[in-house]
Amino acid sequence: MKDIPKIDLHIHSTVSDGTDAPEELLALARKAGIGLFALTDHDAVKGCLRIRGLLAPGDPLFLNGVEFSCRDGEGKYHILGYGYDAEGPCVQSVADKGHRLRMAKTAARLDRLRTAFGFSFPEDEVRRLMALDNPGKPHIGNLMVKYGYAPTREQAIREYIDRAKVPGEYVRPEEAIAGILRGGGIPVLAHPPFGSGKETIVGNELDRRLRRLIDFGLRGAECFYSGYTPQIQTEMLTLAEKYGLYVTAGSDYHGKNKQVPLGDTHFDPSRRMPDGMRRFLEDVRFR
């Protein structure tokens, strides 16, 4: 595949915790001059189907994407999947499980905020929240701002939601990886140095976590990312080369829910494309 001028393979829409609808993202990608993008909503694939129904000649290339929030005894992982069959059962079944667990955790968070801090919301607001595709902390934070429990969404999350910890079950990383592979896709670890909260993982621990996921079938790593320092980017590219991993680039764009511009991946298309990224673009399925 010829070099693509601008790539963004980590984007969220209103189907999860972004503020732009899938249809709006296609228009924004056109405007931003992006040559290839993927929609990677949390635990959901239907936004990809909506975008596929709108693609026209001359539009950017598009990849089916997804992001699974995973956790096990070793920590938290965000597993991206690319080029899978969005109409098949393999990835959809993992997304369905992730959605069920997310809904249960959202309900538990609301209950915990009520018992721990006395924060409650009208029943109609709760119904609207629970009717969303994948409600999460940003949605609850917005409600808290609306009803005067916090001045900003960020403060609501930091000072209350993250403190009101609730037990919850997660999709395990090996489940997500297996589902993506069975669906004909490529599993990639999102922002590998970033774990839970503000945790940063580097050095031997990052190497060990990658090797463990590779044993489960992980095929790639997000080596270009909006939140990386130059040092982290260099470390990620070195590890990808060491293990022969595919290389991807993503902004983690969430619209107004995150101060990251669309296309801000820190990948400079004017420089030589890493071999791992070239191999990814050659091997991933553009369904």
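The values are calculated or read from the model by the stated rules, or taken from the named source; none is laboratory data. The structure presented is a predicted model; accordingly, all values stated were derived computationally and were not measured. Cβ sites come from the backbone with ideal geometry, for glycine too, and all protein chains shown count toward neighbours.
A compact table of results
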| quantity | calculated |
| --- | --- |
| Considering residues of region 27-54 that are assigned to a loop (DSSP other than H, G, I, E, B), of a type outside the set (Asp, Glu) and touching a His at 6+ places or on another chain (Cβ under 8 Å) only, the residue modelled with the highest pLDDT | Thr40 |
| Restricting region 1-14 to residues that are among the hydrophobic types (A, V, I, L, M, F, W, C) and modelled with pLDDT under 95, the residue that is farthest from His254 (Cα to Cα) | Met1 |
| Residue list for region 4-27, restricted to those being over 22 Å from Pro173 (Cβ atoms) and out of contact with any helix residue (DSSP H, G or I) (no Cβ under 9 Å at 6 or more places or on another chain) | Pro5, Ala27 |
| Unique residue being under 19 Å from the mean Cα position of the chain (by Cα), part of a helix (DSSP H, G or I) and either in the same structural domain as Gln231 (by TED's automatic domain parsing) or touching a residue at least 40 places away in the same chain (Cβ under 8 Å) (or both) when the list is Ile140, Ile180 | Ile180 |
| Residue satisfying condition, being surrounded by 15 or more Cβ atoms within 10 Å (Cβ to Cβ), assigned by TED's automatic domain parsing to the domain that holds Thr248 and aromatic (Phe, Trp, Tyr), within set Tyr149, Tyr82 | Tyr82 |
| Test: residue in region 5-19 that is surrounded by fewer than 24 Cβ atoms within 10 Å (Cβ to Cβ) and over 18 Å from the mean Cα position of the chain (by Cα) | yes |
| Residue in region 246-282 that is surrounded by the fewest Cβ atoms within 10 Å (Cβ to Cβ), counting only those that are under 20 Å from Glu67 (Cβ atoms) and among the acidic types (Asp, Glu) | Asp264 |
| Residues (hydrophobic (A, V, I, L, M, F, W, C) and at pLDDT below 95) located in region 16-26 | Leu26 |
| Pro230 vs. criteria more than 19 Å from the chain's Cα centre (by Cα) and not assigned by TED's automatic domain parsing to the domain that holds His78 | no |
| Looking only at region 194-248, and only at residues there that are outside any helix (DSSP H, G or I) and basic (Lys, Arg), the one that is farthest from Gly184 (Cα to Cα) | Lys198 |
